[in-house]
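The values are calculated or read from the model by the stated rules, or taken from the named source; none is laboratory data. This is a predicted model, so every value here is computed, not measured. For neighbour counting, all protein chains shown are included, and Cβ atoms are generated from backbone atoms with ideal geometry for every residue, glycine included.
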Amino acid sequence: MTRFAYVNGRYETHSGATVSIEDRGYQFADGVYEVVALWNGCAVDLIGHMDRLERSMAEVQFPNPPGRRALGVVAHEVVRLNRVRTGILYIQINRGTAPRNHPFPGEDVRCSIVMTVRHGLGPSAHDIENGVSLKVQDDQRWKRRDIKTIGLLPNVLTKQAAKAAGAFEALLINPDGTVTEASAANVWLVDKDGTLVTRPLGPEILGGITRARVMAIAQEAGRPVRETVFTLEDVLAAREVFLSGTTTFVLPVTRIDDTVIANGHPGEAACDLRDRYQGYLNALEPGTSWHVA
């Protein structure tokens, strides 16, 4: 089936979709993005993604960012054209096209907008049943990880190193031994008292949309949640460890490097939260899920 992309005002086939060679996203990674889950025709937490996208554009000082209502209309149409009901929607916005020069171009330069869609979402049945492994690596990303920028080379390298080691993901560590997140997911642990622990928001981590949803689901279920900095030692000694993210949902971790977490099986809290998150997805309504305000 032909796949369609949206590029700067036009719906094009993937093979025919192009951006300028002087697009600042291509030359400087001067752009931001969002990945939105699509579930049974619904856009999952679209308002949260639009909020974060607007924040990212403001933080990198885009002078004329596109409005969320227009972006929402385009997103819905590109999903419709591709006939995707369960998958992911990718939105990328770059500062625009201008002669290559490090300072920002004039304010008359318009942002570049690209959207694509693909089928498939969520972890495999094997990973859900057995949990996944992480490889510990130094966090070598820039200091503003709270901005969802397209400059992802450090994430790519850490994810590839994890894959080469036979692990599912990287567990990123600061020089002081504190944990930040994974290359493409937030990290949680369950401590000895049964409290869910995740790192607080700030420039050290990306504020995950799924992280926020899982936190709300946990609190509604009466599970205590604490946002605090924690160390690799805390993680290795935890009752449970799991990841949250747009494409991972809630995914148990059963091994970190050579250390088995608890009894080596997905824990009760992670499994319960995953089931509750799945229930949240199944209860979404297609009409209201596409509202962006």
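Among the residues of region 20-50 satisfying the criterion of being hydroxyl-bearing (S, T, Y) and not in a loop (DSSP other than H, G, I, E, B), which is farthest from the chain's Cα centre (by Cα)? Break it down into steps so the answer makes sense when it comes.
Just the residues of region 20-50 that are hydroxyl-bearing (S, T, Y), to begin with: 20, 26, 33.
Filter once more, so that each one left must be not in a loop (DSSP other than H, G, I, E, B): 26, 33.
On the way: Y26: 21, Y33: 10 Å.
Step by step, filter region 20-50, then rank; the result is Y26.
For region 166-177, what are the residues that are surrounded by 14 or more Cβ atoms within 10 Å (Cβ to Cβ) and either in contact with a helix residue (DSSP H, G or I) (Cβ under 8 Å, 6 or more places away or on another chain) or closer than 16 Å to D127 by Cβ (or both)?
A167, F168, E169, A170, L171, L172, I173
Residues A212, A216, A184, A167: which one is part of a helix (DSSP H, G or I), outside the structural domain of E34 (by TED's automatic domain parsing) and in contact (Cβ under 8 Å) with a residue 12 or more places away in the chain?
Being part of a helix (DSSP H, G or I), outside the structural domain of E34 (by TED's automatic domain parsing) and in contact (Cβ under 8 Å) with a residue 12 or more places away in the chain holds for just one of A212, A216, A184, A167, which is A212.
Looking at (1) out of contact with any Lys or Arg (no Cβ under 9 Å at 6 or more places or on another chain); (2) farther than 25 Å from N40 by Cβ; (3) part of a loop (DSSP other than H, G, I, E, B), which is the only condition T247 fails?
If we test T247 against (1) out of contact with any Lys or Arg (no Cβ under 9 Å at 6 or more places or on another chain); (2) farther than 25 Å from N40 by Cβ; (3) part of a loop (DSSP other than H, G, I, E, B), just (2) comes out false.
Among the residues of region 239-260, is any in the same structural domain as G194 (by TED's automatic domain parsing), among the small types (G, A, S) and buried (at least 17 other Cβ atoms within 10 Å of the Cβ)?
yes
Could you give every pair whose Cβ atoms fall below 7 Å, whose first residue belongs to region 265-293 and is closer than 16 Å to T210 by Cα, and whose second residue is of a type in the set (K, R) and modelled with pLDDT under 95, counting only separations of at least 6 or pairs across chains?
Every condition considered, no pair remains.
Looking at region 56-98, which of its residues are touching a Cys at 6+ places or on another chain (Cβ under 8 Å) and in a loop (DSSP other than H, G, I, E, B)?
F62, N64, P65, P66, R95, G96, listed by residue number.
Consider only pairs whose beta carbons are under 8 Å apart and that are at least six residues apart or on different chains; among these, list those whose first residue lies in region 99-123 and is more than 19 Å from Y33 (Cα to Cα) and assigned to a loop (DSSP other than H, G, I, E, B) and whose second residue is polar (S, T, N, Q) and modelled with pLDDT under 95.
Going by the 8 Å Cβ cut-off, the qualifying pairs are E107/N64.
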